[in-house]
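Below is one structure; the comments refer to it alone.
Read-outs: derived from the displayed coordinates by stated rules, not from any lab. Bear in mind the structure is a predicted one, so any value in this text is a computation, not a measurement. So basically every Cβ, Gly included, is an ideal-geometry build from the backbone, and we count neighbours across all protein chains shown.
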Amino acid sequence: MGILQDDVVIFKAPEKEGDPTIITVNCPDKLGLGCDLCRILLFFGFCITRVDFATDGKWCYVVLWVKGKPTIKWGLVKKRLVAACPSCFSASGISYYRAELLQPPKPPDVFLLKLCCHDRRGLLHDVTEVLCELELNILRVKVSTTPDGKVLDLFVITDTRELLHTKKRQEDTKEHLRENLGDDVMCDIEKVGLEVTACSQASPLLPSAITDDTFNSDIPDKYCNGTGLSNCASVTIDNTLSPSHTLVQIACQDYRGLLYDLVRTFKDYNIQISYGRGTMKQKKNCEIDLFIMQADGKKIVDPSKQNALRSRLLIELARPLRVTVVSRGPDTELLVANPVEISGRGRPGVFYDVTLALKMLNLCIFSAEIVRHVIGHRECEVYRFLLQEGDCLSVSRNNIEERVWNTLMGWE
């Protein structure tokens, strides 16, 4: 008989304060499962400190040691992790997958949230925090401030719970926003079509500071300093230790989202991870060993494919995101860019972390937007924040970049 749903994802509480929670996932395997699991944990703000997983191509067993905020809703986390796992229904519970899993997933319904209220410092982050608590994913955003001190925020969102089309879910969302932001908040939610996201596509113009060297195939020395990682990553590919798998050994500096960036890269390359383990320590070097194979079940023996994979991994690890502050006439603009998955999903939590960093710096955001650009033949999400004139005089550009970078990396 098949495995019970309650046993697909199991949590083991820490034995003492400060220890990680152990999450065990035991389910049928699929290409990209590790990426989907890590993305969910990153969405909820977890840091993964250790990982151990194995699969025979049909069934997988994953163990993750994680640390998160005390306010984590564990029941909700489990629900999302279980939903990401394939289910089986055969007598053996192993060999057969549901037919719908072979079909491309239905795109989620898209909604436009309009919000208007009086402006104040930290408002955008407070709105973002409420939306995250409600499990509403921000796809696009357009924020503007009027001369009379009011803000008009336009959020293009999807609902993880897939209930935002109902009147009750919409009213609960509005009420939650008013409870956290004040009764003067006016908001409206409506379902929109693909034309709204199409209209939000960006112009091809971006400052050179965000495009130069960002996703090039070579790793500049400067990526080992500043708002890059302090120690360059090392990636070794070996075919001598296993008759059926290629071993990839990675040594790099740890940061929040490290494991997600790795498994996302393998998913984009259509590569299966059969076995792997690693230990991560905040801001310290870590080592991860992964035994992988191509989708056809063979080792990666082609030198050109090995070099392409190695270069891609080095780029992801040396500069997972790009952060820069530039002059836009008399104003100051903060830009953050990161590549998206081939599936089209962007890195979770970026908008939340950036607005949190700006709130901690006591900087007011005049306007903000999330748009998609193609940079270096890769689609990227670009977050643009125009900072309030006069506020930036008290905070240097280097300090803004450093605080935003450290927050994104989970170092604060």
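Values as computed for the structure displayed
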item: Between segment 317-370 and segment 37-70, the alpha-carbon center distance in angstrom; result: 26
item: Label point 7 Å beyond Cα of Ile22 along Cβ direction - residues of segment 49-76 with amide nitrogen under 11 Å; result: 63-65
item: Cα-Cα P(r), segment 255-362, percent of pairs per 5 Å interval; result: 2, 9, 17, 19, 18, 13, 9, 6, 4, 2, 1, 0
item: Paramagnetic label zone (point 7 Å from Cα along Cα-to-C-beta, Glu379; backbone N under 17 Å) in segment 244-283; result: 264-265, 267-270
item: In sequence order, calculated HN-Hα J values of segment 313-323 (Karplus, 6.51, -1.76, 1.60; Hz; x Gly/Pro); result: 5, 4, 5, 4, 7, 6, 8, x, 9, 10, 10
item: Val110 long-range amide H proximity, modeled H, under 5 Å; result: Val192
item: Extension gain (nm, one decimal) between Arg178 and Asn362, 0.36 nm per residue minus Cα-Cα; result: 64.0 nm
item: Rounded FRET efficiency, nearest 0.05, which uses the C-beta distance separating Ala295 from His118 and R0 of 56 Å; result: 0.55
item: Formal net charge of residues neighbouring Asp289 (Cβ-Cβ distance under 14 Å; K, R +1; D, E -1); result: -1
item: Net charge, Ile342 excluded, C-beta distance under 11 Å - Lys, Arg +1, Asp, Glu -1; result: +1
item: Charge tally in the Cβ shell below 12 Å around Leu152, where Lys, Arg are +1 and Asp, Glu are -1, Leu152 excluded; result: -1
item: Residue-span extension gain [Lys168 to Asn307] - 0.36 nm each, minus C-alpha spacing; result: 44.8 nm
item: Gained length - Arg161 relative to Glu402, 0.36 nm times residue gap less alpha-carbon distance; result: 83.3 nm
